[in-house]
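The values are calculated or read from the model by the stated rules, or taken from the named source; none is laboratory data. Predicted model only: the values in this text are computed from it and were never measured. Every residue, glycine as well, gets a Cβ built from its backbone with ideal geometry; the counts of neighbours run over all protein chains shown.
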């Protein structure tokens, strides 16, 4: 059992994969290869009927995600069996029908792939005991439905219909998921059977109302209950066999299935009854009312399906044994007569080329078999005696008269809605049974009508046969099918009685009067329809709502997004900085910035020199902001930078001061080199509002940052670990220069990261400049034109300067471990020597001084550092462990050998390589290519 | 002595350094990169395995004990993230080989890619806030280089904005680091955690945390700090954008995940509940609104990144073990699926010469394989069971409902519908419909088939993550419990120090 049930669910998916692989080769014969599977399933399930009828049920469990309560556990009871029979039986017929229905050059592989996906998923829905698994299959049915509706995706109608059905059913699906999770929280399980035992627990839980609403939203959307019925007509863009299978016989009934099953847990309350029965009966009337007005045959059938689904839905809201029996039996009957009707409409469409009711008449002679079957099925739908629809409809009307909680206005109204709906049902059934086939023989169809082939007729014939057989002898399914289904739903054996004749009673009267009134309306159809259509043409209906919502979503989101993503850096920065200032400011305020004891900061200790330096720094920064020329901006920024260096000097941080000074110096050069390529700064007109916002945000942010720093200063909770480095730089790092030891030893990994950054900068400049450079056809003489400095004095000095700096660099490098200096500073200095040379002489000459290509310098530096790290690993130490020792050398005295020195050499290589690369690329004097015709971009960057 | 922990950083570093030497020897560049990534993948799996069996793995760089040296820490979460990163990196590398112009490939593409991996893996593994800053810089510089390769004007323009905004964030990073160091005197995360639990800052720590949230929020593209993201992702070479889309923003999420479970936990009701949660929901909504508005393949995906970040932040804001597990699954799932989707966009661009959805319709008719892979990846993103996205989503929904965060969950579900809508839009407009626009690559071409290989691998992984969800979930739950157990983290990193300072 375990194996068989899982096979039923999983085999279609396996077949789907096979179809993907072999489908194209088989073409239309694929259908023949696939028919045996659903057929075998149907026969197997039929063979289980007697055992299920005797009260047996079958379970099989695979654990899947126990942590979330999701298991692939299946349970076959009478109710699931009925559904499984429909899925497999009608599945087989539809597979067969499609072979003859689709054009021979259609993509059969894709078609059957989707059908198989659906079949497996639908089996999963009706057989799953685990609600999360059920949800999974539920979503897969929505997706396969989407794909099938969009099968002819070249048509705009198909695409729109597919989208609509997907959105509506998946929205419901998400709601269902939320309901399921809440139910799991309330009931402590995701197993339907376990939850059914805990019904009282769930119903007493505060989440009960939410659960009911969420779950029912899922069921109503799937079963196209008002106001979610809007997707089903759109789904008619699918090939007709698909409509027969998914959109009338099986998938749309998944909502009914779920409601019936969930009634075991959630049902039996006024809320449940009111919602399910109310929505069901309103849908019943609305659907049939809309169905009569359709001009397209499939549209008519779609609304008729909506209406009939409402009928069944209401029964599971009532939940009495009589109502459940009626619902279950009607479910079966509807699958039979509606499946047959869809296939027959498909035949008419196939044979005449149209489905428009107004173009079709008098088909009786040309299509006699179709006519006979259509008449029987349609009359069954109308509830004419001796056909199966009559029996179940009678039962439904009887059940409607017996509400579970006694009578009131609501429960009296429901049967009246049922009768009114039935009037329209008779009306549209007559359109199908009579109007298409009688009257003058049509001449307006695209193709001359003729009877369909036997391949087409076979499937509806079988269904119609069952319609008649069950109409005459409903007792055939009384116990085995309907009885065991109802027993499963009630959790106890229930004796169901299906009889043709119940005597003269109120339901019969209702039934007959509906048929009679429907007949009268049909005879007067012209004025009636004209009137109805006038009423229905109101602008406000759910379709307009859907379209409007979609439109609003797309237009609205476009507007919002455009408003936000202006493309201007200025706007982005204002928003980001403004947000940062506000939220940080708020955090500061609530952490007590206003109650802070500012005296703790001892601001009076600031010396006058410090104050002066800071003023200069501020002046530099302001200059950079207000300056109208790039040179002035650069000088302003540089001023600020050098003032920082002065501060380091004042605070006795020679290493930092040295680094800051040399970096500021060297970074001016690439900046000026770049200026040579840039257009003149555009003068912006003064815009008070814009500038005002800029100033406001800047000042606000400045205030917040200042506050943050002051609070940081005053909030020292723990001593810094910094003392460790001071104490240990000599014993652990072998150097007296703490800064250097931190850089090359204690935190060498940071340095490794930073030289990677430097390398990337060098590479980025090279890659970018080269990608935009015009071919090298430029006169070499023009080189350096951008940066010619006094050609007389500089060369004379620069030679001296170059060698002086170089010698000093070596000194700085080696003293670094104990005194201010080190690889980074030495590297930048050496690079600056190169730059001076390049400024004084010609670039090639300067570059030739270091005959190695920058990328090789950087690469070697990185490799040196990395291999030092790996060396430690070889010796069994953690990556980047440094070592040092001192040896005695003649002449030099005690010399220290430290791996840190090699590490510093790596840094040195990367620094010099990176700077050389940048200067070399930027100073070769060749113009940079500009893309033509894109002035917009420049304007934008100017504004930003 | 756990050199394995640092291997995910050293391997790409050395590879990158080697690749610098010969940018023009393309086959050398390509296959050395692939080989390095493969080795990286194996190493990362080994690391994950070791963490699973032996618990948190600290590594003390330079043999200097924590908190004084730089510490690396591999726990279940970071090991998983570096592993998924290397899988994605492999797929993107393969795709790059078959989709990039040679000129781009020769511009240090592969070297920069390796350095990018250094930055990403370093960010995942470091246990030191300042070191995190350094790896952020490595990552950013590499990304500037990669995203501007090709040098079209639009690209340069957008890269400039991207770089400037991220540099602003970097300065805030330094500001926040200064505040943290002044207050607690240390930047080692474990040391910080134990010092914080041994003291009370009266809300001051939360203020520092907010600055960090801004910094990491910029990286993660949290609204309203997301402005830098969509445009450069649209302009850059699609192969590399796929990696960015999958991985880079998740590094931002990871850092929030790490610091807001380990360090900024003094006032979670305020930092998580009142600040992070609203921002998470805003991120979700603004992202999806942006995605719905777009009609360009890459732009839709770029805005989705923002929206999905919102889900992850929401999980962090809930701060329950289940929610964090959901977030971890979500991050891993997004790394794979988002990269896969961008690769689909890249393939579609290669085939049709455009990324405008309306200009390439009918792709399903001409390139069914791509359509199928895209559809599966899209459904995985939407969170349709049994694909990877579902389990992240389900876990988050369940965690939210258990925490009685009804509004957040309702919003998350609604946004999920928006995700569906916009993914279906791509499918509807460019894969369905009559064949329109040019087709530069036929279904039979070798190039197309090779491009489908990495896409297919990522999709298979997304399916496998769903079918094997129990394993994923068990791992994620263990990881979530691990990151919530601060005492164990401190004990693992600072053996013998942290235990007596009361937790």
- Can you name the condition, by its number, that residue A:728 falls short on among (1) surrounded by 22 or more Cβ atoms within 10 Å (Cβ to Cβ); (2) more than 39 Å from the chain's Cα centre (by Cα); (3) part of a helix (DSSP H, G or I)? (1)
- Message: Of the residues B:215, B:241, only one is facing another protein chain (nearest Cβ under 10 Å) and modelled with pLDDT of 90 or more; which?
- Response: B:215
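Listed here are the residues, each with its yes/no results for (1) without any contact (Cβ under 8 Å) to a residue 40 or more places away in the chain; (2) within 10 Å of chain A (Cβ to nearest Cβ); (3) within 23 Å of residue B:335 (Cβ to Cβ).
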position: B:368; (1), (2), (3): no, yes, no
position: B:372; (1), (2), (3): yes, yes, yes
position: B:377; (1), (2), (3): no, no, yes
position: B:386; (1), (2), (3): no, yes, yes
position: B:406; (1), (2), (3): yes, yes, no
position: B:418; (1), (2), (3): no, yes, yes
position: B:426; (1), (2), (3): no, no, yes
position: B:431; (1), (2), (3): no, yes, no
- Which number in (1) closer than 30 Å to residue B:202 by Cα; (2) without any contact (Cβ under 8 Å) to a residue 24 or more places away in the chain; (3) surrounded by 14 or more Cβ atoms within 10 Å (Cβ to Cβ) marks the one condition that residue A:707 misses? (2)
- Item | Positions within region A:42-60 being touching a helix residue (DSSP H, G or I) at 6+ places or on another chain (Cβ under 8 Å) and either over 30 Å from residue B:391 (Cα atoms) or within 14 Å of chain B (Cβ to nearest Cβ) (or both), in sequence order | A:42, A:44, A:45, A:46, A:48, A:49, A:50, A:52, A:53, A:55, A:57
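Quick one: in region B:63-82, which of the residues that are in a helix (DSSP H, G or I) and surrounded by fewer than 24 Cβ atoms within 10 Å (Cβ to Cβ) is nearest to the chain's Cα centre (by Cα)?
First, pick out the residues of region B:63-82 that are in a helix (DSSP H, G or I): B:63, B:76-82.
Narrowing further to those that are surrounded by fewer than 24 Cβ atoms within 10 Å (Cβ to Cβ): B:63, B:76.
Working: B:63: 30, B:76: 16 Å.
The residue in question is B:76.
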- Item | helices (runs of 4 or more DSSP H) fully within region A:1-75 counting 2 or more residues that are modelled with pLDDT under 90 and surrounded by fewer than 21 Cβ atoms within 10 Å (Cβ to Cβ) | A:2-26
- Message: Among the residues of region A:548-559, are any buried (at least 16 other Cβ atoms within 10 Å of the Cβ), more than 10 Å from chain B (Cβ to nearest Cβ) and within 20 Å of residue B:291 (Cα to Cα)?
- Response: no
- Task: Give the residue that is surrounded by the most Cβ atoms within 10 Å (Cβ to Cβ), with candidates limited to residues of region A:560-585 that are more than 8 Å from every other protein chain (Cβ to nearest Cβ) and within 28 Å of the chain's Cα centre (by Cα).
- Result: A:566
- Query: Can you tell me which of A:513, A:484 is in contact with a helix residue (DSSP H, G or I) (Cβ under 6 Å, 6 or more places away or on another chain) and part of a helix (DSSP H, G or I)?
  - Reply: A:484
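Condition (residue is within 51 Å of the chain's Cα centre (by Cα), at pLDDT 75 or above and away from chain B (no Cβ under 14 Å)) applied to region A:827-836: is it met by at least one residue?
Within region A:827-836, one or more residues are within 51 Å of the chain's Cα centre (by Cα), at pLDDT 75 or above and away from chain B (no Cβ under 14 Å).
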- Residues of region B:243-263 classified as closer than 12 Å to residue B:84 by Cβ and without any contact (Cβ under 8 Å) to a residue 60 or more places away in the chain, total: 0
- Message: Consider region B:125-158. How many of its residues are farther than 30 Å from residue A:742 by Cβ and part of a strand (DSSP E or B)?
- Response: 0
- Note on the structure: Residue hits (region B:298-323; over 18 Å from residue B:334 (Cβ atoms) and part of a helix (DSSP H, G or I)) are B:321, B:322
- Can you tell me which of B:301, B:281 is surrounded by fewer than 24 Cβ atoms within 10 Å (Cβ to Cβ) and more than 13 Å from chain A (Cβ to nearest Cβ)? B:281
- Message: Restricting to region A:170-202, give me the number of residues that are away from chain B (no Cβ under 11 Å) and outside any loop (DSSP other than H, G, I, E, B).
- Response: 12
- Report, by residue number, each residue of region B:182-193 that is part of a helix (DSSP H, G or I) and within 7 Å of chain A (Cβ to nearest Cβ). B:182, B:183, B:184
- Query: Of the numbered conditions (1) within 10 Å of chain B (Cβ to nearest Cβ); (2) modelled with pLDDT of 85 or more, residue A:768 satisfies every one except a single condition; which is it?
  - Reply: (2)
- Any residue in region A:241-262 that is surrounded by 24 or more Cβ atoms within 10 Å (Cβ to Cβ), touching a residue at least 12 places away in the same chain (Cβ under 8 Å) and outside any helix (DSSP H, G or I)? yes
- Flagged in region A:586-599 as more than 7 Å from chain B (Cβ to nearest Cβ) and either crowded, with 17+ Cβ neighbours inside 10 Å or not in a loop (DSSP other than H, G, I, E, B) (or both), in numbering order, are A:586, A:589, A:593, A:596, A:598, A:599
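What number of residues within region B:414-463 satisfy the criterion of being part of a loop (DSSP other than H, G, I, E, B) and touching a strand residue (DSSP E or B) at 6+ places or on another chain (Cβ under 9 Å)? If you could, list the steps in order and put the result at the bottom.
The initial filter retains those residues of region B:414-463 that are part of a loop (DSSP other than H, G, I, E, B), namely B:432-445.
Now narrow it down to the ones that are touching a strand residue (DSSP E or B) at 6+ places or on another chain (Cβ under 9 Å): B:437.
Residues in region B:414-463 being part of a loop (DSSP other than H, G, I, E, B) and touching a strand residue (DSSP E or B) at 6+ places or on another chain (Cβ under 9 Å): 1 in total.
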- Among the residues of region B:168-177, how many are at the interface with another protein chain (Cβ under 8 Å from one of its Cβ atoms) and either under 23 Å from the mean Cα position of the chain (by Cα) or at pLDDT below 95 (or both)? 2
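So which of B:30, B:50 ends up being surrounded by fewer than 23 Cβ atoms within 10 Å (Cβ to Cβ), in contact with a strand residue (DSSP E or B) (Cβ under 8 Å, 6 or more places away or on another chain), more than 13 Å from every other protein chain (Cβ to nearest Cβ) and in a helix (DSSP H, G or I)?
B:50
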- Query: Residues in region A:425-434: is at least one surrounded by 21 or more Cβ atoms within 10 Å (Cβ to Cβ) and closer than 12 Å to residue A:363 by Cα?
  - Reply: yes
- Task: Can you give me the ranges of the helices (runs of 4 or more DSSP H) entirely in region A:624-717 with at least 1 residues that are within 26 Å of residue A:920 (Cβ to Cβ), more than 49 Å from the chain's Cα centre (by Cα) and more than 14 Å from chain B (Cβ to nearest Cβ)?
- Result: A:630-650, A:654-675
